[in-house]
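Take a look at the structure below.
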Amino acid sequence: MQIIERIEPLRLALEEPRRGGKGIALVPTMGALHEGHLALVDRARERAHTVVMSLFVNPLQFGPNEDFARYPRDREGDARLAESRRVDFLFAPQPDELYRAGRAISVVPAALASRWDGASRPGHFTGVLTVVAKLFNIVQPDVAVFGQKDIQQAMLIRAMVRDLDFPIRVVVAPTVREKDGVALSSRNAYLSAVDRKRARVLSRALFAMRDAFDAGETSSAALETLGNTVVGAEPTVKLEYLAVMDAVSLEPAPIATAGTLVAIAARVGTTRLIDNIILGDPDPIG
Ligand code: PAF
């Protein structure tokens, strides 16, 4: 694996694999890698001969009171993990390599970005789309792989690819979970032992809603009431939203069908966690 910090050397290094024509896949990350990220690498490897992972804690997508400064950083550990999964190129730029003085352009998403996570994180998705557009232009991959846990991000990236005509296939890979159901997330590292146990309530609520759907309940209101009750049993967990929605438009869906998304965001202690599942169909959006 080559670790490359600058744009031009990366472009040069990718010339040969590009000429080979066997496909280049990009896995964008902010580091603090865990098995969820490595599963994205596996997905990328299924679709392309060359896998590029980017490792960049993107200041643009953090609000002023968010966790940019304390976001977990472990470049050496990340490099070891990436190499263990046969990443070919690890692109790890410094902020001034991606954001030069006088930067004037951002990618600003439309309405979809101002609800759900966008409602509590104004500007977040502008930061995400701006950096992802830059990474797409730098790497020019055939395929880019993102995790389903950040479903709103993945759907906005798909919309950007469609609306700005990037010739890139966006693959959304299923969420990887701990044995107790908690979705893997770099932010789980912030949780105290007690909060880590409390965090189980997010997936517990989603799974209860999925079980009720499997048993025949299709009213989203009834499913949401059930999920709210499950979360309510853990009073210190502060629910931000728990909603049944269309998996692509992310519009609320009054009736749940196979392929409908159920998404949750909640604060566990001081940590904001998100999770989601698709009802019925195991992989309708990949
Ligand atoms: O999902 C993430 O880790 C980030 O939002 C991404 C896509 C790497 C952009 O910084």
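The values are calculated or read from the model by the stated rules, or taken from the named source; none is laboratory data. Not measured: the values here are computed from a predicted model. Reconstructed Cβ throughout: ideal geometry from the backbone, glycine too, with neighbour counts over all protein chains shown. Ligands, DNA and RNA are stripped out before the accessible areas are found, and what is left, the full protein with its side chains, is counted by its heavy atoms. Shrake-Rupley method; radii C 1.70, N 1.55, O 1.52, S 1.80 Å.
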Checking GLN152, GLN140, GLN94 against a Gaussian network model of the chain (alpha-carbon springs below 10 Å), the top fluctuating residue turns out to be GLN94
Pseudo-spin-label distance ALA233 to ALA111, built 7 Å along Cα→Cβ, given in nm, is 3.7 nm
Extension length gain for GLU178 and TYR241 (0.36 nm per residue less Cα distance), in nm, is 20.4 nm
Counting only residues 5 or more apart in sequence or on a different chain, those whose built amide H sits under 5 Å from that of ALA144 are LEU26, ARG169, VAL170, VAL171
With all protein chains present, the chain has a carbon and sulfur share of its accessible area (1.4 Å probe) in percent of 53 percent
Out of LEU206, LEU33, LEU239, a Gaussian network model of the chain with alpha-carbon springs under 10 Å gives the largest mean-square fluctuation to LEU239
Stokes-Einstein, Kirkwood over Cα pairs, region 1-96, 20 °C, 1.002 mPa s; D in µm²/s equals 153 µm²/s
Among the Cα-Cα pairs of region 96-254, the proportion with separation greater than 26 Å, in percent, is 38 percent
Using alpha-carbon positions, the gyration tensor of region 98-176 gives root eigenvalues a ≥ b ≥ c; with a/c under 1.5 called rounded, otherwise prolate if a/b exceeds b/c, else oblate, the class is oblate
Taking 0.36 nm per residue of separation between ALA222 and ALA208 and subtracting their Cα-Cα distance, the length gained on full extension comes to 3.9 nm
Looking only at aspartates and glutamates whose Cα falls under 13 Å of LYS238's and that sit 8 or more positions away or on another chain, we get ASP195
Under the 7 Å Cα-to-Cβ spin-label approximation, ARG187 and GLU35 lie apart by a distance in nanometres of 2.2 nm
If the chain between ARG80 and SER249 were fully extended at 0.36 nm per residue, the gain over the current Cα-Cα distance would be 57.1 nm
Within the chain, the percent of DSSP beta bridges that are antiparallel, given to the nearest 5, stands at 50 percent
Measuring from its Cα centre, the chain shows a charge dipole (+1 at each Lys and Arg Cβ, -1 at each Asp and Glu Cβ) which, in debye to the nearest 20, is 440 debye
So the compactness index of the chain, its C-alpha Rg divided by 2.2 N^0.38 Å, takes the value 1.01
